[in-house]
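Please treat every number below as a calculation from the coordinates, not as lab data. Values in this document were obtained by computation on a predicted structure and should not be read as measured data. Using ideal geometry, Cβ is built from the backbone for each residue, glycine included, and neighbour counts are taken over all protein chains shown.
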Amino acid sequence: MEFSIDHNSALPLHAQVEQLLRNMIVEEDYAEGKLLPNEIDLAKKLGISRNTLRQAMHKLMFEGLLVREKGIGTRVASRSVNTRLTDWPSFTQEMNEKGIPFINFDIHVARVYADEMIAQIFSIKPGTQIVKLERLRGLKDGPMVQFISYFHPRIGLTGQEDYTRPLNEMLEHDFATIPAISREEISAQAAPKDIAVRLEIKKGEPILKRVRKVYDPGERIIEYNICYYRADKFTYLIDIHR
């Protein structure tokens, strides 16, 4: 097949390379285990940086379509071991799939200055302006979860976007930023006063706190997110397959 991309296209380079790779791996030779071209050679042939190539390749790796073997190279993964354990639904997708109508009780967006903690997470200078998104969401009988999100300035968010849209969809379609990895920490705690007021519970009642860091296919951080769930309205289920 022809290895080429259009450098004058409005479609981002990494998206073009991703599609090229998808076309490549369904060809008979590659599907049967042939190694993909060497990264350096392929990047030179396409006239792109290795980082751009790797961003596209990582997306397919996280989907379980490619596997990299140290000291050997990259080849198409065996379809029999494709588990897709890295997928996760957004709150909107999850509620829609279950047929549960949810309500946005409050959405607040602001441009804020990164404090020391956020600056360290994003590897930016303290005081850098970033977008902060707060969403209070739930069902018709009351709020269920408070989301607080901070976004890396490289994305290009202004704070004027339509945040009633599914967030992952907006990032991918409007900003060519693909959420690919979610690393999470989950803990139980007593509700502090401000969160208790938002969730319409008493201070000190049990809540579930989830801290999430979201990365793009190149493992660059996109979002730092803190979620507070009412323990009486939310259960976190985990399927483990052997």
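Any of K59/K132; K132/K209; K45/K213; K70/K213 with alpha carbons more than 24 Å apart? Name them for me. Exceeds cut-off: K59/K132; K45/K213; K70/K213. Taken over the stretch 187-227, the percentage of Cα pairs per 5 Å bin, counting from 0 up to the bin with the maximum distance, is 6, 22, 21, 15, 11, 11, 8, 5, 0.
Each label point was placed 7 Å from the Cα along the Cα-to-Cβ direction; for Q120 and D141 their separation is 4.1 nm. What FRET efficiency would be calculated for the residue pair E27, D232, taking the C-beta separation as r and a Förster radius of 45 Å, to the nearest 0.05? According to the calculation, E is roughly 0.25. Taking label points 7 Å from Cα along the Cα-to-Cβ direction, H173 and L11 give a separation of 1.7 nm. Here r is the Cβ-Cβ distance between K70 and S182 and R0 is 41 Å; the resulting FRET efficiency, rounded to 0.05, is 0.95. Put in line by how crowded their Cβ is, counting other Cβ atoms within 10 Å and starting with the fewest, H58, H7 read H7, H58. Taking 0.36 nm per residue of separation and subtracting the current Cα-Cα distance, fully stretching the chain between V112 and R154 would add 13.6 nm. Label separation (K34 vs I103): 5.9 nm, computed from points 7 Å beyond Cα along the C-beta direction.
Multiplying each eigenvalue of the alpha-carbon gyration tensor of the stretch 91-230 by 5 and taking the square root yields semi-axes of 25, 19, 14 Å, largest first, rounded to whole angstroms.
Taken over the Cα atoms of the stretch 13-81, the convex hull encloses 85 Å³ per residue.
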